[in-house]
């Protein structure tokens, strides 16, 4: 049996002035807001210490220069002006831009095909296929680069040995002309499974009612994929594209490991990340390396924002 409040209590609550009821509501909302900040404070603390702090320190370093006479001297934007005129940095940026324009579309296309194949329900041993594609992502980048680097070797690699066994001339995969393609193959092998899982999760979120309605209308599998699956995948594809853009400009492990196999091809400035690393830890030019890192971060943010803005404007135009 439900216990009713005494009439006097109910009448007192209902008869309370509106200003008092509003103040109670505001105090309750303020209490919930303060509790939310308490729950959020551990993340904010880690965010400030792990991300904001290093960024601010890098920007601070970029405005100074270490000199034999005078020590650490404030030079303003002089390091940035030097970086913008540095042909080694510009060559590295152009190289990763070319890598982005070719490797990322190929990788996302393969990931999309794999996700659609698994989601179609017509693939035998789909779970085994999904795990097999994802396993390379679990392999550390250093191990993957070493493994593929020795496969690429002209005189000692498996690919060259197989080519000679069947009488086929295999191109020098660690040479100047093929090095970027070889690195792109390693990165694609590593991250196809990661992007496939993002797209496959988006496909599994599509309501079954849409497929049933399409089947009633007589739509085949290709029509369902074109009219239902691909439009639903646009947000996931945008997310995978932005992640891939960030990863491309951060390219470091693969070329850095393969440098020992092809030192005449992969220089210390092969990518901007390698250039900043070698400036700081081999050349002891910490201030200039910080300026290079800040410029690289700005370029990455601008390109990612441009891609996101273009995708958003196209979506709104529809």
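Any idea how far the Cα center of region 116-150 sits from the one of region 283-318, in Å? Cα centroid of region 116-150 versus Cα centroid of region 283-318: 30 Å apart. When the chain is treated as a Gaussian network with alpha carbon springs shorter than 10 Å, the biggest mean-square fluctuation among 225, 127, 289 belongs to 127. Pairs of C-alpha atoms in region 51-158 farther apart than 18 Å represent 75 percent of all such pairs. Enter the angle in degrees (range 0 to 90, nearest 10) between the Cα long axis of helix 234-249 and the first principal axis of the Cα atoms of the chain, meaning the one along which they spread out most. Taking Cα atoms only, the helix is inclined about 40 degrees. Protection proxy ranking, highest mean first, for peptides 227-238, 268-279: 268-279, 227-238, where packing is the per-residue count of other beta-carbon atoms within 10 Å, averaged.
The Kirkwood radius of the chain, taken over pairs of alpha-carbon atoms, gives through the Stokes-Einstein law at 4 °C and 1.567 mPa s a diffusion coefficient of 53 µm² s⁻¹. Legend: ranking of residues 178, 189 from fewest to most surrounding C-beta atoms inside 10 Å; resulting order 178, 189.
Where a number appears in this text, it was derived from the coordinates with a stated rule and is not lab data. All figures in this text were calculated on a predicted structure; none of them were measured in a lab. With ideal geometry, Cβ positions are generated from the backbone for all residues, glycine too; neighbour counts draw on all protein chains shown.
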